[in-house]
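Enquirer: Dropping the structure in here first, questions after.
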Amino acid sequence: MSFSIGPEMAEELLTVERPARYLGSEPGARPGTEPDERGFLLRVALAFPEVYEIAHSHLGHKILYHLLNHQRGFSAERVYAPWPDYERKLLSGRPLRSLESQAPLSDFHVVGFSLQYELSYTNILNMIALGGLNPRRRERPSSASLIVAGGPGAANPEPLADFVDLFFVGEAEDAWLGDFSLIKEWAAAKAPKMELYKRLAGRPGVYIPELFEPRRENGRFLGVQPLLPGYERATRATVASLAGAPFPDCQIVPWVKPVHDRVVVEIARGCARGCRFCQAGYLYRPVRERGLAEILTLAERNLLATGYDEAAFLSLSAGDHTQIEPLVTAFMGRWAASGVALSLPSLRVKSLSPTLARQIARVRKTGFTIAPEAATARLRAVINKDLTEDDLLAASHAAFSMGWRTLKLYFMAGLPTETEDDLLAMVELAQKVKKQSRAQINISVATFIPKPHTPFQWLAASSATESRSRRQFLTTLSQRPGLVPRTGSPEGSVIEALLARGDRRLGPVLEAVWRKGARFEAWSENLKPELWQEALADQGFELADLLAARDPAEPLPWDHVGPFVERDFLLRELAKAQKAQITPDCRQAGCQGCGACQGASVMSLAAPPPKGVAPQEGQPGAELALAAPTPVEIGPAKNTPVKGQKTRPHPEAGPGHRILLEFAKTGIMTLLGHLEMVEVWKKAFRRSGLPVAASQGFHPQPKLSFLTALPLGLESHSELMVVTLNQPKPAPIVRSLLTLPEGLTIIRAQFLPPGGPRLKVASISYLIESDTDLFIGQPLHPAALLSYTDNKGRERAFLLTDFVLACAPTDPRTLALTLAVRNEGSPKPLAVTRTLYGLGPDLRLKATKTATNLA
């Protein structure tokens, strides 16, 4: 294999799970290449400490990639956490590399981590080390890559302060380019890091751990003290408006299906509902809405550029967008005929109107979640969740009446003032929902964790014993038909709480746990709580002390970061929670004094005040009149056979116009599995605008039929696929409209007459190559019985005389081999070759598929 990742890495990837995770070169992946006016290009590795399928789904990562790569003088690439099987390969000497250029992390001027979830922190240390850098900040030379981090986790950066050079606190779009311009000047001058620190100190959103020091006296925490006069705290960076804010218009199309496989458009940022447990609701105030025209344009551009058949409108509470109904109606009016579905993943119960439900259900039902969080009115008031049981039941009834057959109920356990009656009410509420329909009800119960910068930040976190007791109680009660309870790991919740609320003393604990093998701790099967217990004991910590309640009169480890909202407001909210009092949404009831707007008038669309940001509504009206390109036509097949004409049903048959495509799969494409290859073709056809017919049913799919499934790693010059179109198109036009990634090449396109015979593969021809003279004379064992275990663990046996149709050396190092395809399949070509010639398993052979022969 000779392509960009190199033959050695290609062979190595064939031995790990999902090699496409590490390939790069996806459609839409375009790092910047233009140096600045001085000829300098700042190289930035945007690192996400999770596996590809999760990392790729994160919207913030996409925005930052777009932001930097659209500026001269900057080049951003991506790097994700290697799964343990690939990490073992890296430990043999190959450093962790970026996806785009396959450069080691140590080659980048900046390595920037996204802090989305505390249980990924061990992955951060692991990625730094695998990239050829020292995890400890003070042990890296000044010339080493600058390690930066940002995201919700930066609201309390102290547990990572020993490892990260600087943190970005708040939102990136307005502040990042200025910060990175200073970093670029520093990198070009090869100056000491302290010079950079002094230039960045005091800028909005910048926290530099080297310039702050935690102080303790007789075991008592006295706060984090500033060391540089004039730089007293790290203030948050905030985007004044989403109107025109940087946002990708051609999102990267992944090789491996991510957990959220769709186009994502952020329609609003911030939430004023004030749920007292919700950290994001306090970190990203005030509410700023993107206008309808901009939302629809961004969705349009991304759908046409990527070939996706689903879009998601994202915000903390999508239904609270002031123009949500006209927005959804306009979007579905534009895209429903093209088979594009819409998802609103954070739809508040009260905002689900009949109009929204009808519009979302027009194409397919993309999932439905109701999040009561608490099951009793009293406890909902404690957490400031302003809805009633009637609201919840009305929402579930509306979903069932529109045809949803699976519904998720999201609750939290361990909330402040919770009693056993509150837990019992969870199950009772789920049963009431279940009585409305025969649908499956999935009950998700997360453990409440008091997060920084929320009213509950002073409260104690639950121990694993407490969480386990609640989990057992709920599991026992909810074991009823149609109710599927899911609860998180009690031990994982404890570790999350430790890191979310911890101080800088946890740095050595985190490092010790990582060095003992902790990886991917957000995955329950990988969590090793005993490592944390050992590390905490070694550092002299009592777990109960770290989880205990905090005195509001004492400083907190994160007091020097922000404020996101005023401390006095959080204390008032805590007092109201203890009285089960509701605080209304400031957009309807007026300013509640949280301080996020710094005195801005409520819902003012005027310019924000000098020190703050005003809430902003999206603009309705004439913006809905978009000049849209012709829709991508993928829908049910429309034409029917001529009366009296007999057709033979088979996988690629049915009403419509069928085109046979023969294509080559070479280079990087050989490392994509069959299902991944199917997705590549689906999106290619959607991008082309060709009128591809679709299947019927709950989730219509384009009618593409692959006659064979090519094994991973095998190069082919003859793959066959049949596509069914709703309208006749000349085969050459079909071929010309398809834009394919490198490694996929259409060899021929042929129109298939209606009612023709079923296409059936009779045999497959291969070229077998060796580095030494092996193929001399006749095969030694032409009548052998070949047995092996396939990739699915099945025992397979093939009598070679039944399958070998042709076997002829073209020279001593090359063999032409043709194998029959029968009902039971066809044997592996390299296994057949080794058996025929008595070759051992360690001898290097290469197989290339040269022809797929039809019956």
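The values are calculated or read from the model by the stated rules, or taken from the named source; none is laboratory data. The structure displayed is predicted, hence computed values, not measured ones. For neighbour counting, all protein chains shown are included, and Cβ atoms are generated from backbone atoms with ideal geometry for every residue, glycine included. Keep in mind that these areas ignore ligands, DNA and RNA; they rest on the heavy atoms of the full protein, side chains included. Shrake-Rupley method; radii C 1.70, N 1.55, O 1.52, S 1.80 Å.
Enquirer: In terms of modelled amide H atoms, which long-range or inter-chain residues lie less than 5 Å from the amide H of GLU310?
Expert: Amide H neighbours of GLU310, under 5 Å, 5+ apart: VAL263, ALA341.
Enquirer: Another question about this same structure. Using Cα pairs under 8 angstrom and six or more residues apart, how large is the relative contact order of region 702-825, in percent?
Expert: With pairs under 8 Å counted, the relative contact order is 21 percent.
Enquirer: Ignoring any ligand, DNA or RNA, what whole percent of the accessible area of region 90-196 comes from carbon and sulfur when the probe is 1.4 angstrom?
Expert: Exposed carbon and sulfur together represent 50 percent of the surface.
Enquirer: Could I ask something else about it? Expressed as a whole percentage, what fraction of the accessible surface of region 521-604 belongs to carbon and sulfur atoms when a 1.4 Å probe is rolled over the protein heavy atoms?
Expert: Summing carbon and sulfur atoms, their accessible area is 50 percent of the total for region 521-604.
Enquirer: Which residue, GLY825, HIS781, ILE63, has the largest displacement toward the positive end of the dipole of the chain when charges sit on each Cβ (Lys, Arg +1; Asp, Glu -1)?
Expert: So the residue furthest toward the plus end is GLY825.
Enquirer: Still on this structure, please answer the following. From the helices alone, meaning DSSP H stretches of at least four residues, give me the mean residue ellipticity at 222 nm for the chain, per-run term -39500 (n - 2.57), in deg cm²/dmol to the nearest 500.
Expert: -8000 deg cm²/dmol
Enquirer: Here's a follow-up. Amide H to amide H, which residues 5 or more places from GLY170 or on other chains are under 5 Å from it, using H placed in the peptide plane?
Expert: Residues meeting the criterion, in which the H sits 1.01 Å from N, are GLY151, ALA237.
Enquirer: Remind me, relative contact order of the chain in percent, using alpha carbon pairs under 8 angstrom and six or more residues apart?
Expert: RCO, the chain: 11 percent.
Enquirer: Would you mind working out the accessible area per residue for region 123-253, using a 1.4 Å probe, and quoting it in Å²?
Expert: The answer is 36 Å² per residue.
Enquirer: Can you tally the net charge around PRO615? Count Lys and Arg as +1, Asp and Glu as -1, for every other residue whose Cβ sits under 11 Å from the Cβ of PRO615.
Expert: +1
Enquirer: Over 27 Å between Cα atoms: which of LYS683/LYS849; LYS703/LYS849; LYS62/LYS792; LYS682/LYS760; LYS89/LYS184 fall into that group?
Expert: Exceeds cut-off: LYS62/LYS792; LYS89/LYS184.
Enquirer: Moving on to the next point. How do the peptides 93-101, 836-844 rank, highest first, by the average count of neighbouring beta carbon atoms within 10 Å per residue?
Expert: Sorting 93-101, 836-844 by mean packing, highest first, produces 93-101, 836-844.
Enquirer: Quick check: residue separation of GLN479 and ASP559 times 0.36 nm, minus the Cα distance between them. What number comes out in nm?
Expert: The GLN479-ASP559 span can extend by a further 24.4 nm.
Enquirer: If amide H atoms are built 1.01 Å from N in the plane of the peptide, which residues on other chains or at least 5 residues away come under 5 Å of the amide H of ALA851?
Expert: Distant-sequence amide H within range of ALA851: SER765.
Enquirer: Follow-up. What are the ³J(HN,Hα) couplings of region 312-323, residue after residue, when phi is run through the Karplus curve with 6.51, -1.76, 1.60 and θ = phi - 60°? Round to Hz, x for glycine and proline.
Expert: After applying 6.51 cos²θ - 1.76 cosθ + 1.60, I find 10, 9, 10, 6, 5, 8, 4, x, 7, 4, 5, 10 Hz.
Enquirer: While we're here: Per-residue HN-Hα couplings for region 451-466, Karplus 6.51 cos²θ - 1.76 cosθ + 1.60 at θ = phi - 60°, whole Hz, x for Gly and Pro?
Expert: 9, x, 6, 10, x, 8, 5, 8, 7, 6, 8, 5, 7, 4, 4, 5
Enquirer: Work through the residues other than VAL821 whose Cβ is under 13 Å from its Cβ and net out their charges, Lys, Arg +1 and Asp, Glu -1.
Expert: Taking every other residue near VAL821 into account, the sum is +2.
Enquirer: Same structure, new question: How many angstrom lie between the C-alpha centres of region 367-426 and region 201-241?
Expert: Taking the Cα centre of each part, region 367-426 and region 201-241 sit 39 Å apart.
Enquirer: About the Cα centre, and with charges only on the beta carbon of Lys, Arg (+1) and Asp, Glu (-1), how big is the dipole of region 24-92? Nearest 20 debye, please.
Expert: Taking the Cα centre of region 24-92 as origin, the dipole is about 120 debye.
Enquirer: Given 0.36 nm per residue, what is the gain on full extension from ALA855 to ILE746 after removing their alpha carbon distance, in nm?
Expert: Difference between extended and current length: 37.1 nm.
Enquirer: What does the charge count near VAL513 come to, summing +1 for each Lys or Arg and -1 for each Asp or Glu among other residues with Cβ under 12 Å from its Cβ?
Expert: -1
Enquirer: Right, here's the next one. For region 574-579, just list the computed ³J(HN,Hα) in residue order, Karplus coefficients 6.51, -1.76 and 1.60, θ = phi - 60°, integers in Hz, with x standing in for Gly and Pro.
Expert: 4, 5, 5, 4, 5, 9
Enquirer: So if I take the centroid of the Cα atoms in region 123-189 and the same for region 787-836, what is the distance between those two points in Å?
Expert: 53 Å
Enquirer: Roughly how many Å² is the accessible area per residue of region 672-715, as a whole number, for a 1.4 Å probe?
Expert: Value returned for region 672-715: 38 Å² of accessible area per residue.
Enquirer: Apply 1/(1 + (r/R0)^6) to the Cβ-Cβ distance of SER401 and LEU177, taking R0 = 56 Å, and write down the FRET efficiency to the nearest 0.05.
Expert: E(calc), rounded to 0.05, equals 0.70.
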